[in-house]
Structures are given as C-alpha cells and as structure tokens.
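Engineer: Once you've had a glance at the structure underneath, I'll fire off some questions.
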Amino acid sequence: MADVLSDDLAMEVLVRLPVRSIMRFRCVSKAWNSLISELGRRHRDRLPPAMVGYIQQYNDTTKFTGIGRRSCYSSSDPLAAAGAGSRGPDFSFMPLCYAQEKRRIVSVCNGLVLCRHSILQPEPYELCPYENCHIVCNPATKRWKRLPETSDCDPVAVGFDQRLPRRRHYRVLGEDTRMHPGPDTFRFKMFVSETGSWVDCPGGLPRNPIYSEAMFYADGIFYVFVVSIVYNVAAAVAAVHLLAVEEAGCRWIPLPPGMRPDGFKGSLHRDWSMSGVRPCLGSLDGVLRLAAGTQDEILVWALEAGGWVPKHAIDLLGIGRERLAEIGADPGLLSTVRFVKFHPDVDVIFLCSPGTVLSYHLGTGTFEVMSSDAVDANSYFFPPHFFFPYSPCYSEELDL
C-alpha cells in the first residue's frame, strides 16, 4: 500500500474501514505500521474512532472508566488497543446546568453524545429556574448544538458514522409521543442535521412499547429492540420486535428462532429490566449482532444473508463461574449481571453488574474484571441505568 498509493488515496481507503481492520493492517509490516501511524497523527479527525472507555449513568452520577491498553483486547491478540487512551468526556464546556442530577446522558454513538439537559435560567425567571432541552455534543472538540424542541417527540438515540460520505452529518431518533389512530399507533421521528428539522418516519408498531432501550446505529439505520404488551381476555402477553428505522420508514426484522416469547406473561418486561440480562445490539466487521439471555446463559447471533446465525453461547452458571474463580474474582458476580454490551471494535462483550464491569472475549472465552469500584454506597445494590462505550471523535466538520 505504501509503495502503490499516495497518502491521500491511502487515507481514503482507511476512513472506510472499521477500527478492527486498521489495527490488523498495522501488523502486516513495519512499513504499513509506520504509514498508518503517520496518517493517524496527521488526519485523526478523519479516521474512525477507537473505544477508550465506557460511561455509566446512575441516578445522579455520571462515571467514566478508561480501558487504555487493557487486556480485553486479549494479550495474544494483535489488535492490542494501539492509540487508546483513558481520557474521558468532559462536559464543562456545556451551558450551565441547573444541577448535576439535571443532566442525563441519553445516547452515545462514535463520539457524539445526546444529553437531556436542564439549563439554568438567568434571573429573574418567571416560573422555573431551569429549562429542559436536548443537546447533541462532541466532548472531544467541545462543540454542541441544542435540538429544536417538539412537544410530540422524545429523543432517545443519536446516530453518527464517520465513514459515511456525509460524515459531517448525524441523526437523532425520537419516539413520537402522539396518539395515532389506525394500525400503526406508535411511530418514530428523526432529526436530520442537514436540514436542522424533525421528519416523520412512516410505519411503526401496532401498540405502544414499554421497553425500547437496546438501540444501535450503523450505515444510516437505527436498529431498535422493542418489547410491548398485548392485552387480551386471557392474559397480558409480551411481544418482541426488532425494527430498522430510517428516514424512509420502518421495517421489521425477524428475530432468531426462540427469541420471540409467544405465550410469555407480561412479567417478561419486569424480568428483563429489573432482574434479567437486558438484550444488546452491535456489529463486528459490518455484521449486525444480537445478544440476549438469562442469568444462566447469554446467546449471541449474527445477521447474515440467510438470516440469524448462532455464534456464541456463554455458560454463565457453569463455565463462567469456574473461570471467574480461576482469576480470583467473585463467581457470584455473574448472578447479578444486568447489562450486556458489545465492544465496538473487537470481539468482546461487557457484562455489567451492580458496582462491577466484566469483559468476556468471545474468541478465547476469557474473563476480566474491568472495574469494581462503586460510585457511591448504593451503587453496589443498583446497576447503572445506562452503559455506553465511548470513542472520541476529533472531526471539526460536524453540524454542531
């Protein structure tokens, strides 16, 4: 590559690759490693960002934990976190917040952060000392933009992909809070940064969802895992959906066999959100993945041309506890796992329990305790409300 392509052409190739591939190419030869390192220093605002840590959002606390060169990349893996640091996002550049608990991180995607913010109003104010709003910001460049507020939409996710041709633009997905007559009673809206306005996404769900936290953005599409309740004469039955939402509309994606809990009682939502392992969406090398399970086992599927293909089965009850005991960790941690999140760059998932984050390398089957310090006295008993992998983005071209 160094002998055939000019630096400009080599950069055009690299910006279209995931971080995983770039790290692999650095291991090909000294010449490739030198070229990619040099291009990375000169054009870091264009290369896809690598994960440097994760954010945990508690009731009134936001905590960042850097992973640096932690072995969740595996000590035998040539993808060893080159370039990853431990500096977390700093929100001091944001407009003055009414109080710490009045700022909520709603979504994080490739360096962009969607916050629910309460801005302190200058005195004298008429009714309330603060004003609620939603802000999209980039902590790496300290730039932000307030979204136009709409009374019929609740922003729930930000989407940004630096590899797309429109790399200066982003999207924000919102749940339409209006009551719609007809078969599609629940719909989505989308904020388009090019126009600075919200647009309606045709289609939707035939009922209001009660759980739609698992979201993932890739190639201009929001993937949303939704659980809703159908009430009939006999009982309340949980229905599970996977939607692909874009400006052109919504489409349903069939779930893996066994994922649709037909006949389950309405307690499914309570089990997943309060005591079970919440499902997660992600991708690796451009392939959409889904992880879901129980306290005993977590299953991972990949969406390929022929449909969902099972890839991994993590035995938490048996092998998982044995391997935690081998590294000197408390095997009981696996019985308190509430979140599972995919690492955005490598074949690793994070298992989140109250006060502790574990990593599990899907390729080698190895565990590691990433962090085990509690945020406060109560955080051991309550898991964080949200867990976000964070990758800083240094692009100055964004519509912020």
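Read-outs throughout are calculated quantities, based only on the coordinates presented, and are distinct from any laboratory measurement. Given the structure is predicted, the values throughout are model-derived calculations rather than measurements. FYI the Cβ positions are ideal-geometry reconstructions off the backbone, even for glycines, and counts take in every protein chain you see.
Engineer: Work out how much length VAL199 to ASP154 would gain on full extension: take 0.36 nm times their residue separation and subtract the Cα-Cα distance, in nm to one decimal.
Structural biologist: Working it through step by step, the gained length comes to 14.9 nm.
Engineer: What FRET efficiency would be calculated for the residue pair CYS27, ASP315, taking the C-beta separation as r and a Förster radius of 25 Å, to the nearest 0.05?
Structural biologist: 0.20
Engineer: Using a 7 Å offset from the Cα along the Cα-to-Cβ direction at both ALA244 and ARG178, what is the distance between the two label points in nm, to one decimal?
Structural biologist: For the pair ALA244/ARG178, the computed spacing is 2.7 nm.
Engineer: Could you check the spin-label model distance between TYR130 and VAL369? Points 7 Å from the Cα along Cα→Cβ, value in nm.
Structural biologist: It is 3.5 nm.
Engineer: What nm value, rounded to one decimal, do you get for the distance between ARG143 and ARG116 when each label is placed 7 Å out toward the C-beta?
Structural biologist: Going from the ARG143 label point to the ARG116 one covers 2.7 nm.
Engineer: What is the local net charge at LEU334, summed over the other residues whose Cβ is closer than 14 Å to its Cβ (Lys, Arg +1; Asp, Glu -1)?
Structural biologist: Here the count lands on -4.
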